[in-house]
Amino acid sequence: MTLPSKGYSSLHGDGGSDIAGQVREQQARLAARLEGIDQILLTAGGKGGVGKSTVATNLAVTLARAGTQVGLLDADLEGATAARMLGATGMHARLGSGGVLPAEVHGIRVMSSDLLRPGELTPLNWPGLEDGAPVVGSAARATIVREFLADTAWGKLDHLVVDLPPGIDLSFLPACLGPQAGMVVVTLPNTVSLRVVSRATTVASAAGIRVLGLAVNMAYVPCEHCGNRISLSDNGAVNTASELLGLPVLATLPWDAAVAAGAELGVPAVLHEGAANHAYATLASRIMEVLG
Amino acid sequence: MKFLCMACEEAMSFEDAAGPNEGSVTVVFRCKHCGAGVALLTNPAETRLIQALGVKVGGRTVEPGAFETTGALLGTGTAISWTSEAEERLKRVPEFVRPMVRAAIERLAVTKGATEVTVEHVVAAGHSLGPGP
């Protein structure tokens, strides 16, 4: 067989599709939207079930109650819960002149795949599974998150809280988020969870995302009589992880029946006076301190 | 990916694209010098991958709509509101095909730059879909 003398780089253009140009336009559209957002706060945890969505929603409400402009993006496409936790059930995203209008609840602008479902229990028509092509699912996830960021009419925001899905893979996040993003790593106060945290922070740092610190969830139960804290935490493991990772403990958060009930009812616990309210105020304050 | 005409050793240019049809997209490239053509045929997984990247083979003539790829991938249609008159008009469509017709009408409205579906969109979609509402 005679091979051609010209190679890929010898040919100018791509025949007319200008795929590279289309990708540049996608990135430019995203960058234009992100210009209106001062700070992106990612809630991550590595392990599932540590309370990322609970932390994301209560943190967002706390920041909004402090008078800042706040958005919340639920990037957990299949397991979206943040909209429901905020009480945004029954709301649907609508198209406006400046993009897709987010739902507004408790002073927070919310975008979630939940808002795109025709019915609350209707599963999304997730691509790729029927083709047996996992790469399609990965590309789809990245595109959907990019469109959620770029096409939602967020307006001017002081903070955009992004609730990440479980796991340590961040490849679906646009690379341009790095400089604007800070990650709050949510963990349980035990060795099992903290080991995954270590892996998650390594991945985040490699992606150019600044890791702000640890939010230790379900760390204590507040006594309903005297207000004292009944510790559920292995303080030794938390302190060791904090030292080894070089990350501050931003706050310890309670395992509080009010928090669980709030999530069920769509009324975040921080809206009421109590242990959660104070703990999340501490978390928000420490985040702002670390950001400087 | 690029296509090289082996006879002319020149890049082939995009000519046309069709589909998806049964999950496959056909993309035709042709050599401007000798006229030789090649058709790229994608399998369903490759078609989905192109869709998942949010790019158009052959380039774009219009800017992508908001949540364009999201709506297509998740089967949710576009996030567009309807006037009450348009909703009433849609009720003339048999219930079992109404979701599909609704999605088609919304796509038509979005391509026209609308942020709300009106009766005019419903009627226009009816003309393009055949006997309709």
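The numbered conditions (1) of a type in the set (Ser, Thr, Tyr); (2) loosely packed, with under 15 Cβ neighbours inside 10 Å; (3) part of a loop (DSSP other than H, G, I, E, B) are all true for residue A:17 except (2). Of the residues A:243, A:224, the single one that is assigned to a helix (DSSP H, G or I), without any contact (Cβ under 8 Å) to a residue 40 or more places away in the chain, exposed (fewer than 13 other Cβ atoms within 10 Å of the Cβ) and of a type in the set (D, E, K, R) is A:243. Does any residue of region B:10-19 turn out to be open to solvent by 60 Å² or more (accessible area, probe 1.4 Å), in contact (Cβ under 8 Å) with a residue 40 or more places away in the chain and farther than 19 Å from residue A:8 by Cβ? So far as region B:10-19 goes, yes, one or more of its residues are open to solvent by 60 Å² or more (accessible area, probe 1.4 Å), in contact (Cβ under 8 Å) with a residue 40 or more places away in the chain and farther than 19 Å from residue A:8 by Cβ. The set of residues from region A:34-54 being part of a helix (DSSP H, G or I) and buried (at least 24 other Cβ atoms within 10 Å of the Cβ) comprises A:52, A:53, A:54.
Could you tell me whether region B:81-103 includes any residue that is without any contact (Cβ under 8 Å) to a residue 40 or more places away in the chain, touching a helix residue (DSSP H, G or I) at 6+ places or on another chain (Cβ under 9 Å) and within 9 Å of chain A (Cβ to nearest Cβ)? No, region B:81-103 contains no residue that is without any contact (Cβ under 8 Å) to a residue 40 or more places away in the chain, touching a helix residue (DSSP H, G or I) at 6+ places or on another chain (Cβ under 9 Å) and within 9 Å of chain A (Cβ to nearest Cβ).
Taking into account only those residues within region B:29-78 that are among the aliphatic types (A, V, I, L, M), part of a loop (DSSP other than H, G, I, E, B) and at the interface with chain A (Cβ under 7 Å from one of its Cβ atoms), which is most open to solvent (accessible area, probe 1.4 Å)? By that ranking, first place goes to B:53.
Per-residue answers, yes or no, for (1) acidic (Asp, Glu); (2) without any contact (Cβ under 8 Å) to a residue 40 or more places away in the chain; (3) closer than 24 Å to residue B:62 by Cβ; (4) within 14 Å of another protein chain (Cβ to nearest Cβ):
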residue	(1), (2), (3), (4)
A:5	no, yes, no, yes
A:21	no, yes, yes, yes
A:26	no, no, yes, yes
A:45	no, no, no, no
A:51	no, no, no, no
A:65	no, no, no, no
A:71	no, no, no, no
A:82	no, no, no, no
A:85	no, no, no, no
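I'd like the full set of residues that are polar (S, T, N, Q), open to solvent by 30 Å² or more (accessible area, probe 1.4 Å) and touching an Asp or Glu at 6+ places or on another chain (Cβ under 9 Å), limited to region A:57-114. Spell out the reasoning first.
Within region A:57-114, the first condition is being polar (S, T, N, Q), and the residues that meet it are A:57-58, A:62, A:68-69, A:81, A:89, A:97, A:112-113.
Now drop any that are not open to solvent by 30 Å² or more (accessible area, probe 1.4 Å), which leaves A:68-69, A:81, A:89, A:97.
Scanning region A:57-114 gives A:68, A:69, A:81, A:89.
The values are calculated or read from the model by the stated rules, or taken from the named source; none is laboratory data. Computed from a prediction, not measured in an experiment: that's the story for all the values here. As a convention, Cβ positions derive from the backbone with ideal geometry for all residues, glycine included, and neighbour counts pool all protein chains shown. Heads up: the accessible areas ignore ligands, DNA and RNA and are worked out on the full protein's heavy atoms, side chains in. Shrake-Rupley method; radii C 1.70, N 1.55, O 1.52, S 1.80 Å.
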